[in-house]
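Okay, structure first, notes after.
The values are calculated or read from the model by the stated rules, or taken from the named source; none is laboratory data. Being a predicted model, the structure only gives us computed values, none of them experimental. Here the Cβ positions follow ideal geometry from the backbone for every residue, glycine too, while neighbour counts run over all protein chains shown.
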There are 2 protein chains.
Amino acid sequence: MTTKQLVEKLKQILPEKNVSTNENLRQLHGTDESYHKESLPDVVVFPENRNQVSEIMKIANKNHVPVVPFGLGTSLEGHVIPYHNGISIDFSLMNKIIEIKEDDFLVRVEPGVTRTQLNKELKKYGLFFSVDPGADATLGGMAATNASGTTAVKYGVMRDQVRNLEVVLADGTIIETGNQAAKSASGLHLNGLFTGSEGILGCFTELTLKVHGIPEHVLAARASFPSINDATEAVVSILQAGIPVARIELVDEASIHQVNIHSETDYYVGPTLFMEFHGNEAGLNEDVEFMKAIVQEHQCQEIIFEKDNHERQKLWEARHNLAYAFIHGYPGRKSMGTDVCVPISELANAIMYARENLDITGLPGGIVGHVGDGNFHVLLMIDMDNEEELKKANRFNEQLVMYALKRGGTCTGEHGVGIGKLKYQEKEHGESYKVMQQIKKVLDPNNILNKGKLIKIDEEEIIISEKSHSLDNKI
Amino acid sequence: MTTKQLVEKLKQILPEKNVSTNENLRQLHGTDESYHKESLPDVVVFPENRNQVSEIMKIANKNHVPVVPFGLGTSLEGHVIPYHNGISIDFSLMNKIIEIKEDDFLVRVEPGVTRTQLNKELKKYGLFFSVDPGADATLGGMAATNASGTTAVKYGVMRDQVRNLEVVLADGTIIETGNQAAKSASGLHLNGLFTGSEGILGCFTELTLKVHGIPEHVLAARASFPSINDATEAVVSILQAGIPVARIELVDEASIHQVNIHSETDYYVGPTLFMEFHGNEAGLNEDVEFMKAIVQEHQCQEIIFEKDNHERQKLWEARHNLAYAFIHGYPGRKSMGTDVCVPISELANAIMYARENLDITGLPGGIVGHVGDGNFHVLLMIDMDNEEELKKANRFNEQLVMYALKRGGTCTGEHGVGIGKLKYQEKEHGESYKVMQQIKKVLDPNNILNKGKLIKIDEEEIIISEKSHSLDNKI
């Protein structure tokens, strides 16, 4: 089937304006926010409802045309880049908040709704959506990658919020993976399976998500430490004391420096914990007193509280803009972020290991992380024209992954696999990788859904993903 | 393959004493705690390690012998009853607590460990395992059925505690479904898929589970109301106010009456909420004051607090023994428990509907439930020799399921499917039921693993399950 024939078929299903082969538009759908190599779709489509998505999938499946679902392209491991070309399905026209069931703490949304769009609406009801990966991603994309971020330590990851997904399968069949009840022991747990499946099992056309009441009291704090080790050990002690932190983020010295430049703040330059507590006033005060005693035991240099809503928002914006702060601070370079997650007992050593090895690379970068979950990122700024630098960065990333896997951790806490972590999947999952392959094969026998991502089915795929970022092929 | 040949093969793998065809033992493995019809395995085996389980599965798979994994037989929907005979794998000899990783709030256990066995050990570390379904089930069984119970409203269900499962697949392959990190975006979410799979995808040989710090302060309360509707509406208001209850259980008048007889308590006889709050002292007091104001708005007649550890335990034991209280109160009758779960906004009406229809049946019984999750049980006491009664009870159960499904609920909040809820699966899951069937078929092509439970693969199975409890075949 030629692209021309494909476009004609698609135009029989969709309004003409919703099918495009425009070069600029294809380019927008050929990259994400990562360092991974560009590759363009043949055509971009903008469906407006589930039935159109189903018809698109039927055409694609019949003609073995690769399909990539596309939210806003904020992925960090090449998830949405169509390395096999074909159709990019852009969900931006499916951006309606369908229903807010305030009594049930549930919302029903279309996949193109972004998290800030949802939160703006929820605020009217005294509710909020907890998952906050930094980027203003679409909820469909966040479900597809099992996004998490700063609040996961208290409220859980994306998968914990998903009550139901409406999914269009490879052959166009429309299924629902769950229901609206708070718990269920019925059937196999498809909610969990499809969340985080990175578009390889189906396209989401509607999501039912759990939301939370805006907490009565919120208090943010910044605590600085003489060393990154002191900071990390303070985190471990706080968690082990059972203090229910809502966020607890580590920002190292180099990163605080970038934050201050980019966000025009004057935060103390040293390894710092950004924290937040949610609760009723009395309980929160008791928690915070306990926390203060602990950080003091770990040589805390300075602790500043931000009760004021504006100052709190500034704090978290500064934290969230950190990746952009680095990108703006190093023009011409691209950012690679590592993403291991380790058991809490391994966290302090893992961060020390990362720090030492980052120094050895000589690359500019910093360490930040959702340390309450044992998840941290090393941001490395790479000159993509310098092959030596890319090699160094990849080797560093790989060393860190191996370190984490040996200690019961994972190669990706939240960014997902895409193509960037594809080469670690077999190593990480062992025999269960075959189970994943079996599930992929039976649900998408023609391998059209986000081909070459998350799970390798044939040899061709791994070659493409390797080419795209010239990785050492050691594993 | 004859039973004799099978036994000989099994004795080549296992110590002779661990392979039995003893009639009494087979009978013990031919029932559970429900009203479902008995059916005996041909042989019962007691493996001592994963490799033995793997070898058993290889023999079974090669010879197409049905296999049922067996914990303690406390299931309520016939899960462990071998309707196709074959091998019952009893995990009682695999009952070691392998490791308590207190710094990580994790434990590694063998599947035969019971929850009270684990909690006894955890207490030494100031930790506890949260899931509490009432029965002292094995953790392997609880993971297989995604058990929950009274504490799920705060701590989540069994699936929320599972970090890793070691699973022996149908062909004897041993896989691990997760890791020890707090979160992961790597691979497909097999933890979630295998938890609640009721033995149809594999046998669990090791579990890594999340545990929690024993809360600083615990307070239990009993609040009585003039009507079940007042009680239910109080629950909805408490949840919507965002008060973090650790348990909130409804016990209706008939059930309180049975509790008082069986547990020698003198609780006020009326619709009652049993509640528990966990937290720091100041926060907990503020929560409880808020709760008191709410229940008073809903005509609460009496509220009694149990701060004392002994009185608290007595309260929860009384609640947990409720099913036994009914069984002892109606000698000669068997207990059927409905198990729907509905969105919170539908709870008050659903319980009223259940109450009215229970009265119409004329059968003795009561309503209890984990109302914080929208999950409740109607306990019906049936004379199994009276076909009319069984028919009535089944019809009532079915009506309630249909009521729940229409309102976004599920046929089973926590008891699972087994054979009792098999006939509702297609109705509840629609097109996604086929996805479940595909997964089952690809992972267990010979359909030997707990054949005829959870997912129907061929017609033969449904016939057996229908025969077993003479259900109307309306769906």
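Assorted remarks:
- With respect to being of a type outside the set (F, W, Y), surrounded by 24 or more Cβ atoms within 10 Å (Cβ to Cβ), within 18 Å of the chain's Cα centre (by Cα) and not assigned by TED's automatic domain parsing to the domain that holds A:L207, A:I56 falls outside the description.
- As for region B:186-199, it holds no residue that is more than 14 Å from chain A (Cβ to nearest Cβ), modelled with pLDDT of 95 or more and farther than 16 Å from B:G374 by Cα.
- Taken over region B:187-206, residues that are surrounded by 22 or more Cβ atoms within 10 Å (Cβ to Cβ) and acidic (D, E) amount to 1.
- Total residues in region B:207-218 satisfying the condition of being surrounded by fewer than 21 Cβ atoms within 10 Å (Cβ to Cβ) and either hydrophobic (A, V, I, L, M, F, W, C) or more than 12 Å from every other protein chain (Cβ to nearest Cβ) (or both): the figure is 2.
- Residue in region A:271-283 that is acidic (D, E) and at the interface with chain B (Cβ under 10 Å from one of its Cβ atoms) present: yes
- Residue within region A:126-140 that is on the phi < 0 side of the Ramachandran plot and within 9 Å of chain B (Cβ to nearest Cβ) present: no
- Residue count for region A:426-439 under the criterion of being surrounded by 23 or more Cβ atoms within 10 Å (Cβ to Cβ) and more than 7 Å from chain B (Cβ to nearest Cβ): the result is 0.
- Residue list for region B:402-425, restricted to those being out of contact with any Asp or Glu (no Cβ under 7 Å at 6 or more places or on another chain), buried (at least 18 other Cβ atoms within 10 Å of the Cβ) and more than 10 Å from chain A (Cβ to nearest Cβ): B:Y403, B:L422, B:K423
- The residue that is farthest from the chain's Cα centre (by Cα), among those in region A:400-436 that are among the small types (G, A, S) and in a helix (DSSP H, G or I), is A:S432.
- Of residues in region B:312-345 being under 19 Å from B:F376 (Cα atoms) and among the small types (G, A, S), the one nearest to the other protein chains (Cβ to nearest Cβ): B:S345
- The listed residues are A:D385, A:D373, A:D458, A:D444, and the only one of them that is in contact with a Gly (Cβ under 7 Å, 6 or more places away or on another chain), outside the structural domain of A:S75 (by TED's automatic domain parsing) and of a type in the set (D, E) turns out to be A:D373.
- Residues located in region A:371-388, provided they are charged (D, E, K, R) and in contact with a helix residue (DSSP H, G or I) (Cβ under 6 Å, 6 or more places away or on another chain): A:D373, A:D383
- Single unsatisfied condition, B:T145 versus (1) surrounded by 24 or more Cβ atoms within 10 Å (Cβ to Cβ); (2) within 12 Å of chain A (Cβ to nearest Cβ); (3) touching a Lys or Arg at 6+ places or on another chain (Cβ under 8 Å): (3)
- Qualifying residue in region A:162-171 (condition: within 7 Å of another protein chain (Cβ to nearest Cβ) and not hydrophobic (A, V, I, L, M, F, W, C)): no
- Some residue of region B:250-267 being closer than 29 Å to A:Y155 by Cβ, more than 23 Å from the chain's Cα centre (by Cα) and of a type in the set (S, T, N, Q): no
- Check on B:E176, of a type outside the set (S, T, Y) and either farther than 26 Å from A:D103 by Cα or buried (at least 24 other Cβ atoms within 10 Å of the Cβ) (or both): yes
- In region A:350-369, the residues that are at pLDDT 95 or above and within 13 Å of chain B (Cβ to nearest Cβ): A:A350
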